[in-house]
Amino acid sequence: MIPIRDTAPCNTRPVITWGLIAVCTSIFVGMQFLPYEVSNPLITRFGMVPLRYSNPEWASRVGLPFDAYLSFLTNQFLHGSWFHLIINMWFLWIFGDNVEDRMGHLSFLAFYLLCGLVATALQWYFDPYLAIPVVGASGPIAGVLAAYFFLYPMARIILWVPIFFLPVVVHVPAIAFLGLWVIYQLNEATTSILFEGGAAKMAWWAHLGGFIAGFLLYRFFLKKPPHGIKMEDSGSFKI
């Protein structure tokens, strides 16, 4: 299932969402023009290598001095492949504008980055001895998905479902689509723990960490509604 767009209205220009997409895309494209001898050390330095913080002696030996956890922030703007970048930016494009609309530009940026920090921290906690960099915007975008889940539960997500190569389009409530997304992430994350040493290729705990952070924090970043308008008028949960 591939989401095409949503039906929730947006009343402001999502300049932060557009800016985040532009920054992540520009960094990735720029990295493609660098020789491997340059790009690989940059990914290692600015991606979050869990073992760097779990074993400072090892990090010092391999040329990764303590950076005051800066990579917990910078890893959010790096991506490992075109597919990784496109999927993340596509989800941010579909869901980010509505959440930014409800929060305001600067509050949305703060929310996005904070969710990314929590997501990275949770990934480090569950996989502290990983010696390769964790990169990608999946963590903060998962926080955006959580906010959308509670703000627009009944908004329709238009999905393209390839069935026998036919372009079948279906409309599903956001609560169903994002609920299935959470279940899938949880299944993959717990499987990676139960079968230690298995071929887990994605930072599943970062995805869940971002979603949990978004669920816990989104309400503190919302704009106050105009006088006389209740929050539930826009289709949000009242919790």
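Just so it is clear, none of the values below were taken in a lab; they were calculated from the coordinates. Please read these numbers as outputs of a predicted model, since none were measured by experiment. Virtual Cβ from ideal backbone geometry, glycine too; neighbours counted across all protein chains shown.
Couple of notes before you dig in:
- Size of charge dipole - the chain - debye, nearest 20, with Cβ of Lys, Arg +1 and Asp, Glu -1, no other charges: 440
- Ratio of the Cα radius of gyration of region 73-192 to 2.2 N^0.38 Å, where N counts its residues: 1.14
- For the pair ASN11 and ILE163, label points projected 7 Å from Cα toward Cβ lie 3.8 nm apart.
- Treating each Cα of region 1-73 as an identical point scatterer and summing with the Debye formula, the log10 of I(q)/I(0) at q = 0.12, 0.16, 0.17, 0.25 Å⁻¹ comes to -0.56, -0.78, -0.82, -1.13.
- FRET efficiency, 1/(1 + (r/R0)^6) with R0 25 Å, evaluated for TRP93 and LYS223 via beta carbons: 0.70
- Measure of compaction for the chain (Cα Rg per 2.2 N^0.38 Å): 1.06
- Modelled FRET efficiency - R0 25 Å, LEU73 with LEU216, Cβ distances, 0.05 increments: 0.80
- Excluding exposed DSSP-loop trypsin sites (Lys or Arg not before Pro) (at most 10 other C-beta within 10 Å), longest clean stretch of the chain: 1-200
- Efficiency of FRET between SER60 and ILE132 - r from beta-carbon atoms, R0 22 angstrom, step 0.05: 0.80
- Along its first, second and third principal axes, ordered by size, region 55-142 spans 46, 27, 21 Å in Cα coordinates.
- Measuring gaps between exposed loop sites in the chain (chymotrypsin sites (Phe, Trp or Tyr not before Pro); DSSP loop; at most 10 other Cβ atoms within 10 Å), the longest gap, sites not included, is 34-128.
- Cα gyration tensor shape for region 1-135, rounded if a/c is under 1.5, else prolate or oblate: prolate
- Entry note, the chain: the mean residue ellipticity at 222 nm calculated from DSSP H runs of n ≥ 4, each adding -39500 (n - 2.57), is -18500 deg cm²/dmol after division by the residues and rounding to the nearest 500.
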